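Asks: Encoded as structure tokens, here's the structure I'll be asking about.
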Amino acid sequence: EGAPPVAGGRFRVLVDLAIDEGWHLNAHRPGAEHLVPARVTVDAKGPFSLADVDYPEGELLAPGGQALRAYAGGARLALEVFVEAGAAPGPATLAIELEGQLCDESRCLAPERYRLELPLVLRASGS
């Protein structure tokens, strides 16, 4: 929604995570060093970079008796994305990657990367 992103500017992207019942994704700050935190990046090959990510705190859970912060059911991440000043106007793809680890009450799966590609149209600065 809103005006197309401008070269040299910033724009906001909201990413809603949907997590199946019985599973949780470790939060960005899960509370224990051995846990794999949720982390968002953007593909460095394009004209975009992350200026900031607002990660929710997450729910306090205690699977298997271990207290941790996690996203259960879902979560909303707010990304502030910077567009390079020299980015060419026209079509571009913002590739967002979320790295994280899904767990249930008894086990954790291997960490995975989930990729989301958003087609955008960039405007020249001053247009």
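The values are calculated or read from the model by the stated rules, or taken from the named source; none is laboratory data. It should be emphasised that the depicted structure is a prediction, and the values quoted were computed from it without experimental measurement. SASA here: full protein model, heavy atoms, side chains in, ligands and nucleic acids out. Shrake-Rupley method; radii C 1.70, N 1.55, O 1.52, S 1.80 Å.
Asks: Quick one: with all protein chains in place, what share of the accessible area of the chain is carbon or sulfur, to the nearest percent (1.4 Å probe)? Walk me through the numbers on the way to the answer.
Replies: Values: 3810 of 7560 Å².
Result for the chain: 50 percent of the exposed heavy-atom area is carbon or sulfur.
Asks: Let me ask something else. Between the alpha-carbon centers of region 102-127 and region 45-60, tell me the distance in whole angstrom.
Replies: One Cα centre to the other: 10 Å.
Asks: Average the reciprocal distances over every distinct pair of alpha-carbons in the chain, invert the result, and give the Kirkwood radius in Å.
Replies: Hydrodynamic radius (Kirkwood, Cα only) of the chain equals 15.8 Å.
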